[in-house]
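Colleague: Handing you a structure now.
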Amino acid sequence: MVYISSTPGEFRFAAQPDLNVLVKIADPVTPPPTPLALDLVQHERHVALVKHVGEVSKTLLLRHAKERGFDDAAFMDRSGRLSEATIWNLAFWDGTGVTWPKADILHGVTMQILQRQLRAQGVVQETRQMTAASIAEATSAAVLNSWSPGIGVRSIGGQRLAASLELVSLLHDAYQREPLECI
């Protein structure tokens, strides 16, 4: 992880701030077992297009979901659109193509890799507004992030989904097709 902060500080302005960079190295994370049950809660990420650490609410919503018997939480915005989960992007499968939720979300690196590689393979993809009612239209769903290109989801907000090895396999295969970059 890389944390960037500025001097003179968060709430003081400088025309040319000095940047402080902290690099944190940790052991790799083991993804949770699949499939996951996601609580469905109303929440919108602040500045959704930017990955940042200023979101204590996501940790709180995860804890509430665990207390309610779920593995994690998926978010629905004030318009009723599904967006993402606490630290995950969401992908839905209808048996023929992948649907990505249309809402204010962080387009994670893993999601971008998957979209690029699925497109290269000719897999049908669409981005559309998904609501709680739309969950029933999906055959299955998965969550994805830097920990895993796909972990199955067995339910969202109590709405059962079929466990689809097809979707998870498709996502993992697409991710493996991404060429490595030398740095």
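Colleague: Between residue 6 and residues 5 or more places away or on another chain, which pairs have amide H atoms under 5 Å apart, with H built 1.01 Å from N, and which residues are they?
Modeller: For residue 6, the qualifying residues are 20.
Colleague: Here's something else I'd like to know. So which residue, out of 170, 22, 61, gets the largest mean-square fluctuation from a GNM of the chain using Cα contacts under 10 Å as springs?
Modeller: Of the options given, 22 has the highest mean-square fluctuation.
Colleague: Further question on the same structure: If you stretched the chain out fully between residue 29 and residue 79, how much longer would it get, using 0.36 nm times the residue separation minus the C-alpha to C-alpha distance? Each step should come with its number before you reach the end.
Modeller: Values: separation 50, 0.36 × 50 = 18.00 nm, distance 3.35 nm.
The residue 29-residue 79 span can extend by a further 14.6 nm.
Colleague: If we count other beta carbons within 10 Å of each Cβ, what is the order of 100, 88, 147, fewest first? List each step's numbers first, then the result.
Modeller: Numbers: 100 20, 88 24, 147 15.
If I rank by nearby Cβ atoms, fewest first, I get 147, 100, 88.
Colleague: Taking neighbour counts of Cβ atoms within 10 Å as a proxy for exposure, in what order, fewest first, do 36, 60 appear? Write down the numbers at each step before the final one.
Modeller: Details: 36 22, 60 13.
In order of increasing Cβ crowding within 10 Å: 60, 36.
Colleague: On a 0 to 90° scale, report how tilted helix 56-67 is relative to the longest principal axis of the chain, with both axes built from alpha carbons and the result rounded to the nearest 10.
Modeller: For 56-67 against the chain, the angle is about 40 degrees.
Colleague: Calculated FRET efficiency, residue 15 and residue 66, Cβ-Cβ r, R0 41 Å, to nearest 0.05?
Modeller: Details: r = 45 Å, r/R0 = 1.09.
FRET efficiency, residue 15 to residue 66: 0.35.
Colleague: As a check on your grasp of the helix formula, calculate [θ] at 222 nm for the chain: sum -39500 (n - 2.57) over DSSP H runs of n ≥ 4, divide by the residue count, round to the nearest 500.
Modeller: Details: 3 runs with 37 residues, N = 183.
Calculated at 222 nm, the ellipticity per residue is -6500 deg cm²/dmol.
Colleague: Something else now. Taking the chain as a Gaussian network, where each spring joins two C-alpha atoms under 10 Å apart, which residue of 30, 96, 86 fluctuates the most?
Modeller: Sorting by GNM fluctuation, first place goes to 30.
Colleague: Take the alpha carbon atoms of segment 14-38, find their center, do the same for segment 64-91, and report the distance between the two centers in whole angstrom.
Modeller: The two parts, judged by their Cα centres, are 19 Å apart.
Colleague: Please work out how much length the chain gains when fully extended from residue 136 to residue 55, using 0.36 nm per residue of separation minus the C-alpha to C-alpha distance, in nm with one decimal.
Modeller: Numbers: separation 81, 0.36 × 81 = 29.16 nm, distance 2.96 nm.
Residue separation times 0.36 nm, minus the Cα-Cα distance, leaves 26.2 nm.
Colleague: Enter the angle in degrees (range 0 to 90, nearest 10) between the Cα long axis of helix 165-176 and the first principal axis of the Cα atoms of the chain, meaning the one along which they spread out most.
Modeller: 40 degrees
Colleague: Continuing with the same structure: Estimate the FRET efficiency between residue 126 and residue 162 by the formula 1/(1 + (r/R0)^6), using the beta-carbon distance for r and 22 Å for R0, to the nearest 0.05.
Modeller: On the way: r = 20 Å, r/R0 = 0.89.
It comes out at approximately 0.65.
Colleague: Grab the beta carbon distance between residue 102 and residue 1, set R0 = 41 Å, and tell me the FRET efficiency rounded to 0.05.
Modeller: Details: r = 29 Å, r/R0 = 0.70.
Rounded to the nearest 0.05, the efficiency is 0.90.
Colleague: Would you mind working out the magnitude of the charge dipole of the chain relative to its Cα centre, with +1 at each Lys and Arg C-beta and -1 at each Asp and Glu C-beta, to the nearest 20 Debye?
Modeller: On the way: 17 positive and 19 negative charges, 40 e Å.
Charge dipole of the chain: 200 debye, to the nearest 20.
Colleague: If you don't mind, there's one more thing I want to ask. Give the relative contact order (percent, whole number) for segment 32-176; include only Cα pairs under 8 Å separated by 6+ residues. Could the numbers behind the result be given before it?
Modeller: Values: 304 pairs, mean separation 37.8, N = 145.
Contact order relative to length: 26 percent.
Colleague: Related question: Quick one: 3J(HN,Hα) in Hz for segment 110-118, Karplus 6.51/-1.76/1.60 with θ = phi - 60°, rounded, Gly and Pro as x.
Modeller: Whole-Hz 3J(HN,Hα) from phi for segment 110-118: 4, 4, 5, 4, 4, 4, 5, 6, 5.
Colleague: Would you work out which of 69, 127, 103 lies farthest towards the positive end of the dipole of segment 32-176, given +1 charges on the beta-carbon of Lys and Arg and -1 on that of Asp and Glu, about the Cα centre?
Modeller: Value computed over the given set: 103.
Colleague: In vacuum, with every alpha carbon of segment 32-176 counted as one equal point scatterer, what does the Debye formula give for log10 I(q)/I(0) at q = 0.09, 0.19, 0.21, 0.22 Å⁻¹? Two decimals, please.
Modeller: Here the Debye-derived log intensity ratios amount to -0.23, -1.13, -1.41, -1.56.
Colleague: Okay, moving on. Most exposed first by the Cβ proxy, i.e. fewest other Cβ within 10 Å, how do 156, 4 rank?
Modeller: Values: 156 27, 4 9.
Exposure proxy ranking, most exposed first: 4, 156.
Colleague: Next up: Under a point-charge model restricted to the Cβ atoms of Lys and Arg (+1) and Asp and Glu (-1), what is the dipole moment magnitude of segment 100-183 relative to its Cα centre, in debye to the nearest 20? Mind showing how you got there, number by number?
Modeller: Working: 7 positive and 7 negative charges, 28 e Å.
It comes to approximately 140 debye.
Colleague: Using +1 at the C-beta of Lys and Arg and -1 at the C-beta of Asp and Glu, which of 165, 43, 88 has the Cα lying farthest in the positive direction of the dipole of the chain?
Modeller: 43
Colleague: Most mobile of 18, 104, 77 per a Gaussian network model of the chain (Cα springs, under 10 Å)?
Modeller: Residue with maximal mean-square fluctuation among 18, 104, 77: 18.
Computed from the coordinates by the stated procedures, all read-outs in this text should not be read as laboratory data. The shown structure was predicted, so the numbers you read here are calculated from the model rather than taken from an experiment. Counting neighbours? That spans all protein chains shown, and the Cβs are built from the backbone with ideal geometry, glycine included.
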